């Protein structure tokens, strides 16, 4: 599509291919959690479209629409990766906590206390609690939990293909049973935090008022509860092949907000 001067009409092409961006976004949305905002996908997809237009104008030989689809989908997947904002250092810290929880539970046959976890991590209790608070937003399930040992990216392997639904891969009866059992064995206060947060949809401040503690303390309890659940579901934070990492968490405990 060219203008009267024989130059590529980028504005016309953007308008012409905007429906393609939306179509790809909604195709991906059908295989993503409800927490993902379709508008974010579309915005990232439009950036991919503009990038495709710039590269095509520079003499790219491929048919434009075929190339644009690749760039649009790639921009959307990159946006999904970037939205997982928890720093890698904090993720590593949480994996250490998960591993300590798993180890102490195996040794003692019960959920470890905060004091025991802090000692196992060789941290003062205050530093351990600060680590929990810093990990606000730590989730029960991350996309990288489904990566294979060869580092093949789960998003690229599944979201770019029809018929591979990540949520369907989470619907394994055995892992669902393990998660329900893990929730039932949480310490009573952490069970209450999870119930108020996910079932009653209270925010952290409101939960603090119910429990008579500060909002930051609720945040710590929530992060610790998620770490306990991950320690059970993902065996202490150890990597597992995709084929074993299956089972959909209950709706009310799937992802931190």
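Read-outs: derived from the displayed coordinates by stated rules, not from any lab. Not measured: the values here are computed from a predicted model. Cβ: placed from backbone, ideal geometry, glycine included. Neighbour counts: every protein chain shown.
At a glance:
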| read-out | value |
| --- | --- |
| Packing-based order for 124-130, 97-103, 50-56, using average beta carbon neighbours within 10 Å, highest first | 97-103, 50-56, 124-130 |
| Ranked list, fewest to most other Cβ atoms within 10 Å of each Cβ, for 178, 189, 81 | 81, 189, 178 |
| Proxy reagent accessibility, fewest Cβ within 10 Å first, across 26, 234 | 26, 234 |
| Spin-label model distance (nm) - residue 126 vs residue 211, 7 Å beyond Cα toward Cβ | 2.1 |
| Ranked 76, 29, criterion: other C-beta atoms within 10 Å, fewest first | 29, 76 |
| Separation in nanometres of the label points that stand 7 Å from Cα toward Cβ, at residue 180 and residue 110 | 2.6 |
